[in-house]
Every structure is written in structure tokens, then in C-alpha cells.
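Encoded as C-alpha cells, the structure appears first; notes follow it.
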Amino acid sequence: MNDKKLTTEPEHTKKMEDSSNSRRTFFKRFGLIGAAAATGGAAIYTGFEYEVSKPNHDFVKVLTADNKLVEVPRDQIKNLTMDLTRKQQQGRDGLAGRRWVMVIDLAKCRNARKCITACQGAHHLRPYEYHINTLVMQESENTAPYYMPKPCQHCDNPPCVAVCPVDATFKRQDGIVLIDNERCIGCRFCVAACPYSARMFHWEEPLQVEADNGVTYDIELNVPQKKGTISKCLFSADRLREGKLPYCVSSCPNGVYYFGDENQDAVTNGTTKETFRLSQLLKDNGGYHLMPELGTKPRVYYLPPKNRLFEFNGEGDKVVEQG
Amino acid sequence: MKISYLLTAIISLVTLQVSAQEWVVPAEKSASLSPFAFSDSTRKAGGDLYNLNCKSCHGDPGKNNAVKLVPMPPDPASAQLQGNSDGAMFHKVAEGRGLMPAFKNTLSASDLWRVVSFIRGFNEKYVQEVAQKLSLGTSLENVKFAINWNNELNQLQVTVTALKALTRQPVPGAEMKLSVRRYFGNLQVDGVHTTDNQGVAVFNFPKGLPGDSLGFVQLQLKPVDETAFGEIKVDTTMAIGVPTYRPPLNKERAMWNVVGKTPIWLLLTYLITVLTVWGLIVYVMLQLRAIYKSGEEDDSRSKSKVE
């Protein structure tokens, strides 16, 4: 028993010693590990800081809004997304102090159809969905036929806007008639009201419906397009904001289109980029409106197909290019 | 006999075809040379311009990835394109033909030469010949342009001077062009004018040309021959346009405008109609109530009489 006691007592004290010993070692170890962790952490942090702050010479070329090509470091780029509300607001407001006007010279159109493809590309349309189309015209049996590109006329007295029951289509201060596909209910009153047949209806799912999934809707581009709503020519409102000519105007190879600001009395040819005085151009060439008797006051002028530089080969020649 | 006719016809047809495809550049244009030596910096600037304006059709030089058009846009590194003289290349880019757009109104002469310098970078055998500075009778040093407005004559006086023997002297015979900045490009006014012996050229400012709301217009004065003068131009703003303010197109009340801009006549017609109809309904209801009430009174009177 005694023996046992003798043996147990030291064991007990040993335990006590052990425990006190372990606390001491614990603190010792804790101190060591803590110091090591702090040093390691600091090292990792400084490494991270360096990694973040070190000059990165990987540059990206960026085209600024005022059409300048600049280089910015790749790591400095921040992705900004225009939210829907802001886009809708600026789309409704339009550009102050402008009155856009288009002049189409029928003498030069030879049905190259570049305007149509450029437009369809920009607005994600199928080859048979048109914002602009070139029609074959012949006034009477004895007069010469000609090609007539026909976009939306962006009337100053738009019948389509007057009939819209939900304020989805509207006229802006710069004269452009736009459609808000977010508001459009697809009643097609505007299609019936438009005397120029400028509007189209999305009967089927739009062309790039899957690719456009998640893209913020742009009221000035009508992209993504929406099934069951109206779409039409927008005078490329998104391009005008950037100071660029509309898609159709700049893609014409034959110099058919002029576009400009009526307030500045100037229009620029999309092919040659030459600028003319609007009033002089219309006066010299006998410019006219389509169906002026309707009182719609279009913003698109036509120059008659006089002194044509090429032969009209009838409807057979779908793609004729200057050579 | 017939065969020889046929042969001549075929030969003439073939030659016609060839001449139709050939792009003839006037000899003096073909012989023109760049005013500056091509260097890495001009090639880099030219490359940026190429990527912006040419790449979408011509593709990357040397990679034969041009867009398949008819006719095919040639690769800038190809022998077909490098076979052109510097002047011919400049002329073709400036003037354009068919599907190839003209760049004379979008790029300055110096920028066009930078593009040529970029294209020449893909030709190892190329050795550049730089133009001698054109003299115009004097050696042009430190050329300066000035614009003055003559209010009485509605004219702009342009003065061209240069340093000669350390004194500022007029430059005669300099062809100048003046343009007004518009939204999509510059509107050239009153053609090209040549400076006289006093180094002065006079431009008639077109009547009725709109300026901003205060009549300010941005003017740009440039020499026609940028090769001789270099990249000198004067940009200035003068209040010589017609002050123009036109209200926004959606400002007026109209049938098509938003609810807040309803035409007064429509608003009045609508309100009067609605109020009349409702007034009539209310009037009829009141009358019915009066009849009902008078009936009740009659009833109570007859009842009290009976009692």
C-alpha cells in the first residue's frame, strides 16, 4: 500500500510538474509559432502588396469616346457597366442642339446592299429582316426604273408615335424616333399607322437570342432584340453619340448617303467623307421628301435619280458594285 | 479572214479587261515622295492607323487573311502592293476606287504617308527616297498662318509668313484651304485661294452659315500641299456664323407627344366631354332622388291625412 502510495505520490507530483511544464512549453511554443506566423504572414503580405503594386507592362489598346487610340495597363482596367436605367434615360433624352437629317442620292444607288448587311449586323437581324431595304421603283411605264433605299423617315409629325398606347415609341429632341422594346406590348398599331412601312415585327425569336442573353438592353441599338415587339431603323443613335456616321451611311461603297445636322446646315457623305451644305445640296439637286402630302414631315430627303453613272439592269442584278 | 477578226476581237477584249483592272496613277502623283523619313515611330503610328482603317478588309499584313471580296483586297506585304511606288500607294489610298474607300477626307497627308511607311515595313528590300523640301522660291522656315476677320466685306484674310534671313516675310503663291468644323467632318468654304505678294489670301465667308447659339464657328486653315508645308494648321473659333438656336423637336405640344405635351384643344375637348357626361349622369341621379323624396313626402302626407 505504502509502496503504492509512494509510487502514486511522485506520479501525482510528476503530473503536476508535467502539467505546469506543459503550460510553460505551451506558452513557449505559442510564442514561437505566433512569431513565425506573424513573420510568415508579413512576408506573404508584402509579397502580395508587391504583386499588386508592381508595374505591369502588359498594355491594352483602347479606343476612347473621342476616337483616340490609347494604351492602358491591363491591370488598371475597370469594367464599368451602364445600367439599364441610365441607358434608357440617355436614350430618351437624345443629343441636345441637334436635328439629324439624311440625304439619299438615288442617282448613285446601284443596289450593292452593303447598307442592309451592315445594318442587319449591327442590330442582330436575319437577312430577311429589314430596317432599311432597297426597293426597285418605276413611276410609270415610260419612266426609267431606279433603286430606292428606304429607311425609317424619322418624321417630325410621326403617326406611329401618336398611336402608341404605352409610350413605347417616342420622338427625341434630336428628331430620332426610337422604340423602347422594354415597354412595347406588340400591339402593332404603329406598323399600321406608318405610311412608309418602316417597321418590322419580331414574330420569331430574334437571331442572336442566346448570344445576347445577359446583355444590358440598349435602347439606341435595340439590342438584344425581343420577340413579340417592334423594331425599326434608329438612325444608329448609338453611333451618333460617338460622333460617327450611321452603320448604313459609312458602309455604302457608292456614295449614296449623306448624313448630318440640320442645325449646322451640313451633311457628310458616308463614302467620301466630304462635307456639303445641306441647303445647297438640296437646292442644286432638287431634293424631295417621300409622300409630303401626308404632312408627316420626314427627316430623310431624296435626290432624284438623274444623270446616273451606270446602267440599270433590272431586278436581276442583285449585287452590282462599282469597278 | 474570219479567224483573224475573231483573234483581234479576243485580243482587244483581253487588253480591255486588263486595262479595266489596272489602276492607273498619274505620273506626277506616282513620283511624289514622303516629306519625312520613315522610322520606327512613323511605322508604329501608321500601324495604329492601319488597324483602325484598313485591317477590317486587308487583314494582317503577310498573313493573307484579307476579307474575301470581289476583287480581293491585296495583302499589304504582297508583291502586287509593294510593286507600287510610294507616290502611287499614297494616291490609291487617298483616292480609293470601287470598294476601296477614299481616305483623303479622313486622314491628313502626313497620316497617309505614315500608313505607307507602315506598309513598307513589310518589304525588306525597300529603300526609301525622301522628298527634298519644296522651296516655293524661298526656303520655308518657321511658317506661320494668321486669320483676320473683315467685318465690312464679310471676308477672312489669311496671311502666310515665314522666317527668311531672320526676318518674318510674306510667302506668296501658297495655296490655302479654309474649312468650318461640322459634326461629322470639315465643311470646306470658298474653294482654294493662293496668297499674293503680300502673303495674303482672301476667303469670302458663306452667307447664312449657322454657328452655335452665339454665332461661334470653329475654323481650320490648312495648306493644300501638306508635303511642302508640313503639318501646320490653324484651329480657331470666331463669332462670324449666324447665331442659331432651334428648340428641341419634341418641345411643342402635339398629338404624338407625351401626355404632358397634349395639344390644348384635345385636352379641352376631352375634359369638357367627360365633365358634361358625368354632369348629366349626376343631374339625372339628383332628379331621381328628388322624385323619390317627393314620393315619400306624398306618402307620409296621405298617411297622416288618413290618420
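Values in this text are rule-based calculations from the coordinates and carry no lab data. Keep in mind that what you see is a predicted model, and the values were worked out from it rather than measured. Cβ: placed from backbone, ideal geometry, glycine included. Neighbour counts: every protein chain shown.
Annotation for the range A:180-247: chymotrypsin sites (Phe, Trp or Tyr not before Pro) lying in DSSP loop with at most 13 further Cβ atoms inside 10 Å of their Cβ are A:TRP203.
For a straight C-alpha distance cut-off of 12 angstrom, the aspartates and glutamates reachable from A:LYS114 (same-chain residues fewer than eight places away being disregarded) are A:GLU321.
3J(HN,Hα) along the range B:205-218, derived from phi through the Karplus expression 6.51 cos²θ - 1.76 cosθ + 1.60 where θ = phi - 60°, amounts to 7, x, 6, x, 6, x, x, 7, 5, 9, x, 6, 10, 8 Hz, with x in place of Gly and Pro.
Converting phi to 3J(HN,Hα) with the Karplus coefficients 6.51, -1.76 and 1.60 and the offset θ = phi - 60°, the range A:182-195 yields 6, 9, 4, 9, x, 6, 6, 4, 5, 4, 5, 6, 6, x Hz in sequence order, with x at every glycine or proline. Just tell me which aspartates and glutamates come within less than 14 Å, Cα to Cα, of B:LYS104; anything on the same chain fewer than 8 places away is out. Within the straight-line limit of under 14 Å, B:LYS104 reaches these aspartates and glutamates: A:GLU274, B:GLU95, B:ASP225, B:GLU226.
Translational diffusion of the protein assembly as shown was estimated from the Stokes-Einstein equation, with Rh taken as the Kirkwood radius over Cα pairs; at 37 °C and 0.692 mPa s the coefficient is 105 µm²/s. Scanning chain B for trypsin sites (Lys or Arg not before Pro) lying in DSSP loops with no more than 15 further Cβ atoms inside 10 Å, the longest uninterrupted stretch between such sites is B:134-206. Over all projection directions, the Cα-based convex hull of chain B averages an area of 40.3 nm². Amide H to amide H distances under 5 Å link B:GLY96 with B:PHE103, where only residues 5 or more positions off or on other chains count and H is placed in the peptide plane. Residue-wise HN-Hα couplings along the range B:90-106, as the Karplus relation 6.51 cos²θ - 1.76 cosθ + 1.60 with θ = phi - 60° gives them from phi, are 4, 4, 5, 5, 5, 8, x, 6, x, 6, 6, x, 7, 10, 5, 9, 10 Hz; Gly and Pro carry x. Over the range A:84-316, the hull volume per residue, using the convex hull of the C-alpha atoms, is 132 Å³.
From Cα pairs below 8 angstrom and at least 6 apart in sequence, can you work out the relative contact order of the range B:26-120, rounded to a whole percent? Worked out over the range B:26-120, it gives 38 percent. Taking amide hydrogens as placed 1.01 Å from N in the peptide plane, the amide H of B:SER32 sits under 5 Å from those of B:GLY87, each at least 5 positions away in sequence or on another chain. Structure shown: which of A:LYS61/B:LYS144; A:LYS108/B:LYS44; A:LYS87/B:LYS261; B:LYS55/B:LYS125; B:LYS92/B:LYS222 lie over 28 Å apart, alpha-carbon to alpha-carbon? Listed pairs above 28 Å: A:LYS61/B:LYS144; A:LYS108/B:LYS44.
Which translational diffusion coefficient, to the nearest whole µm²/s, is obtained for the range B:26-120 from the Stokes-Einstein equation, given a Kirkwood hydrodynamic radius over C-alpha pairs, 10 °C and 1.306 mPa s?
119
Taken residue by residue and averaged, Cβ atoms of other chains lying within 10 Å of the Cβ of A:166-173 number 3.
Restricting the range A:84-174 to chymotrypsin sites (Phe, Trp or Tyr not before Pro) that sit in a DSSP loop and have at most 15 other Cβ atoms within 10 Å of their own Cβ leaves A:TYR128.
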